[in-house]
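Enquirer: Have a look at this one.
Values in this text are rule-based calculations from the coordinates and carry no lab data. Here the structure is a predicted model, which is why all the values come from computation and not from measurement. Here Cβ is always computed from backbone atoms with ideal geometry, including for glycine, and neighbour counts include all displayed protein chains.
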Amino acid sequence: MSERLPQLWPMMRRVERSALTTLSQCLKLLGLTELPLPVPVEAWVESPLGLRFGVCDLSHLGPTVLGVARPKEREILVSETIAGQESRFRFTIAHELGHIVLHAKIQPEFRELAEGDYLAERFEREADRFAASLLMPLDAFGREFTASCSDLGLQANTVLHAIQNGDETGLRLFRSRIVQRLSRRFGVSLSAATYRFADIQLDNGLPALTVRQARSLITPSPSTPDSRQPR
Ligand SMILES: [Zn+2]
């Protein structure tokens with residue numbers, strides 16, 4: 001990554017823009033000039049965004065339903081089963097908000113399942129991307145990444161090249177220090193923070209990480225699965 005702000009892949013620009021517009025609306029309505037991090041999505045869906053938001057038992061909708069978005073009712077429900085998993089909880093809310101902002105005209109209800117091949121669907125990929133964009137706006141993400149490299153006495157570019165080349169020291173630092181810090185700063189899981197690098201296009205036209213590289217950097221933990229799956 002260059003030290004200037006990262007570029008975006010064209011395909012998802014519309015989705016990224018919608019997430020940024022949503023954040024700008026919130027800041028304006030709240031009279032804030034700076035984006036608080038982690039983005040307080042749990043609070044903002046109710047105020048200032050004015051949605052109905054509930055954390056409840058969704059088992060009547062199916063045993064693996066984690067979240068529901070109902071665009072017409074402007075309602076988001078999240079399963080109480082993930083209320084204690086902060087990063088997953090936040091990502092699910094942001095994903096449902098994505099359906100409300102992006103897909104109001106598509107269908108009356110969207111449901112998130114704990115497992116399933118729904119990610120093959122365009123709307124699910126878009127809602128995931130919206131969530132990533134809302135919780136990890138690229139400007140802030142690039143800045144925090146550069147700062148965390150700098151604190152280790154490294155240049156962001158050097159770290160990215162080391163990772164792309166499979167350099168062991170670089171990989172270890174990236175996983176143990178940099179992604180950890182980004183995950184805490186943005187209130188997202190380690191895997192969501194890692195996958196965000198696949199959304200960044202470098203000056204040479206290549207992604208900061210390919211999805212495959214991002215996947216190989218993540219050690220999945222069965223007890224804390226992530227909302228965001230490989231795309
Ligand atoms: Zn969805």
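Enquirer: Please report the projected area of the chain's Cα convex hull averaged over all directions, in nm².
Expert: On the way: hull surface 49.1 nm².
In nm², the orientation-averaged hull projection of the chain is 12.3.
Enquirer: Over the range 137-217, what relative contact order in percent results from Cα pairs under 8 Å that are six or more residues apart?
Expert: Values: 63 pairs, mean separation 18.3, N = 81.
Reported relative contact order: 23 percent.
Enquirer: Now, a different point. Given Cβ point charges of +1 (Lys, Arg) and -1 (Asp, Glu) and nothing else, what value in debye, to the nearest 20, does the dipole of the chain about its Cα centre take?
Expert: Values: 28 positive and 27 negative charges, 81 e Å.
Using Cβ point charges on Lys, Arg, Asp and Glu, the chain gives about 380 debye.
Enquirer: What is the set of long-range amide H partners of Val55 at a cut-off below 5 Å, with H atoms built 1.01 Å from backbone N?
Expert: Val78
Enquirer: Evaluate the relative contact order of the range 10-135 (contact order divided by residue number), counting alpha-carbon pairs under 8 angstrom at least 6 apart; express in whole percent.
Expert: Numbers: 175 pairs, mean separation 38.5, N = 126.
After rounding, I find 31 percent.
Enquirer: Here is a further query. Among the trypsin sites (Lys or Arg not before Pro) in the range 22-85, which ones are in a DSSP loop with at most 12 other Cβ atoms within 10 Å of the Cβ? Mind listing them? Don't skip to the end; give the middle numbers.
Expert: Values: sites: Lys28, Arg52, Lys72, Arg74; in loops: Lys72, Arg74.
In loop regions of the range 22-85 (DSSP not H, G, I, E or B), the sparsely surrounded trypsin sites (Lys or Arg not before Pro) are Lys72.
Enquirer: For the range 137-217, what percent of Cα pairs sit more than 18 Å apart? The partial results should precede the final answer.
Expert: On the way: 1019 of 3240 pairs.
Cα-Cα pairs in the range 137-217 separated by more than 18 Å: 31 percent.
Enquirer: With each pseudo-label sitting 7 Å past Cα toward Cβ, what's the Glu86-Leu206 distance in nm, one decimal?
Expert: 3.5 nm
Enquirer: Another question, if that's okay. Output the relative contact order of the chain, whole-number percent, from Cα pairs under 8 angstrom with separation of 6+ residues. Please report the intermediate quantities before stating the final value.
Expert: Working: 321 pairs, mean separation 56.5, N = 231.
Relative contact order of the chain: 24 percent.
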